[in-house]
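The structure appears below as structure tokens.
The values are calculated or read from the model by the stated rules, or taken from the named source; none is laboratory data. Since the model is a prediction, treat every value here as computed from it, not as a measurement. Heads up, the Cβs are rebuilt from the backbone with ideal geometry, glycines too, and the neighbour counts pull from every protein chain shown.
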Amino acid sequence: MRRVKLSFAGLEIEFRDRDRALKQVEELAERGTYPVYVVYGPEGCGKTALLRQAKDMLENEFGYHVVYVNPIAEKIDEILQFTPSVKDIAKEVLSLFPSPYSMIVDVAITIASRVMKRFSRPRVAVLMDDIFQAVGVDKAEIYVKTLLNLIEYPPASYEKIVVLVTSSEGITRERIGRHRWATFRILWNMPKKGFEELYNAIPVEKPSFEDVWRWTGGNPSMLAKLIEANWGRNLLLEEMVKIRRLDVLVKNLSDEELALLKQVVEDPDALFERLREEASQNLLNKLIELNMVIEIWDRDPYFWIDEPPPEKDLELGIGRYVAWQTPMHREAVKRALEQVA
Ligand SMILES: Nc1ncnc2c1ncn2[C@@H]1O[C@H](COP(=O)(O)OP(=O)(O)OP(=O)(O)O)[C@@H](O)[C@H]1O
Ligand SMILES: [Mg+2]
């Protein structure tokens, strides 16, 4: 299988590892998705990278007409991408919208509909990267419903359809999980072996792999940030505290929530064990909304894209029911606690 090239900390790196995820993409390509698949996971765990690789596989190995959008991509040519077969339709649709890039999700859905009408029983894939940040979480539900309509009530018949949506927004699951419109899968940070492969492929001077693993928990974006900060882990943590206003979070906690947060930096399951208490529920919601922790609702590999994280690994901040997105997220909260206390 061909592996796509990705940009990583100013370098060009080939897509690594994620073997189980790629097998899962193949299975989806063979049978299509129903309902919409929402892939949710820690910030920077590799959702965009996986969608890029999936796009390549779907179009080159499985003959899909693919439309991919990433409304928050930095470069304009990365906001909308499509298979060459779709070029004319995309041009047509782009010209229908007065400012297409501000409505790129609608543009992509319109392109997919026209592909169904224009080709005879085509294979169509719609890959939506991080659209909820762009359309607003309040509109997330309606867009997922629109995508489900495309599957259930297509404007013309298709052979197969694959609809994948990614999100790193903590409240996605709460908003969308209550409907039958989507099924959720979590993509975790990279497993140790795969992450080591990525680490070895980076031609820069670096601390030992074990240290990097302990700091990042296999999160490729955190690795890139550390490289860009020349391994200045302290500065990166300070920045996380400031940008995410973790000091403000800590200052505004009730005494009960504060005491609980101190336990949570040691063991995130402390939140779950006391979930019947209001303070615990409030704190969990705040930490989810700030994209600091993720609630793990099932360990069955069925609910995961790629490998689930270890059952419980307190060094990495992973509990049975709740996990810090990365050890750096936990460290940043620890810092904020130290600064405010
Ligand atoms: N399997 C992989 N092999 C090689 N590089 C990867 C892999 N996964 C991710 N990366 C690289 O790591 C960085 C972070 O990954 P990516 O942007 O895909 O994460 P993300 O989950 O989409 O992040 P965000 O939550 O910010 O959207 C990128 O530079 C990406 O190219
Ligand atoms: Mg992304």
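Just a few scattered comments:
- Within the stretch 232-289, the set of residues being over 26 Å from F132 (Cα atoms), outside any helix (DSSP H, G or I) and without any contact (Cβ under 8 Å) to a residue 24 or more places away in the chain comprises G232, N252, R274, L275, R276, E277.
- Residues satisfying the stated conditions in the stretch 53-83, i.e. assigned to a loop (DSSP other than H, G, I, E, B) and buried (at least 19 other Cβ atoms within 10 Å of the Cβ): Y64, N70, P71, I79, T83
- In the set (1) within 16 Å of ligand 2 (Cβ to nearest atom); (2) not in a loop (DSSP other than H, G, I, E, B), V126 fails one condition alone, (1).
For every residue, the table says whether it meets (1) within 16 Å of ligand 1 (Cβ to nearest atom); (2) acidic (D, E); (3) over 30 Å from P327 (Cα atoms); (4) in contact (Cβ under 8 Å) with a residue 24 or more places away in the chain.
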residue	(1), (2), (3), (4)
K23	yes, no, no, no
P35	no, no, yes, yes
L51	yes, no, no, yes
P71	yes, no, no, yes
E74	yes, yes, no, no
K91	no, no, yes, no
L94	no, no, yes, no
Y101	no, no, yes, yes
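- V38 satisfies every condition listed in (1) of a type in the set (V, I, T); (2) outside any strand (DSSP E or B); (3) more than 23 Å from P122 (Cβ to Cβ) except (2).
- Counting the residues of the stretch 293-316 that are in contact with a Phe, Trp or Tyr (Cβ under 8 Å, 6 or more places away or on another chain) and either farther than 14 Å from C45 by Cβ or free of Cβ contacts under 8 Å to residues at least 24 places away in the same chain (or both) gives 3.
- Within the stretch 84-123, being more than 26 Å from the chain's Cα centre (by Cα) and not in a helix (DSSP H, G or I) holds for F97, P98, S99, F119, S120, R121, P122.
Table: residues versus (1) farther than 20 Å from T172 by Cα; (2) of a type outside the set (D, E); (3) assigned by TED's automatic domain parsing to the domain that holds G170.
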site	(1), (2), (3)
R276	yes, yes, no
I288	no, yes, no
D298	no, no, no
W304	no, yes, no
E307	yes, no, no
P310	yes, yes, no
L314	yes, yes, no
Q325	no, yes, no
R330	yes, yes, no
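- Count of the stretch 182-197 residues which are among the hydrophobic types (A, V, I, L, M, F, W, C), touching a Gly at 6+ places or on another chain (Cβ under 9 Å) and away from ligand 2 (no atom under 16 Å from the Cβ): 2
- Evaluation of K47 against the conditions (1) touching a strand residue (DSSP E or B) at 6+ places or on another chain (Cβ under 9 Å); (2) within 16 Å of ligand 2 (Cβ to nearest atom); (3) closer than 21 Å to A224 by Cα; (4) free of Cβ contacts under 8 Å to residues at least 40 places away in the same chain shows that the sole unmet condition is (4).
- The stretch 123-140, residues that are touching a helix residue (DSSP H, G or I) at 6+ places or on another chain (Cβ under 6 Å) and in contact (Cβ under 8 Å) with a residue 40 or more places away in the chain: V124, A125, V126, L127, D129, I131, F132, V135
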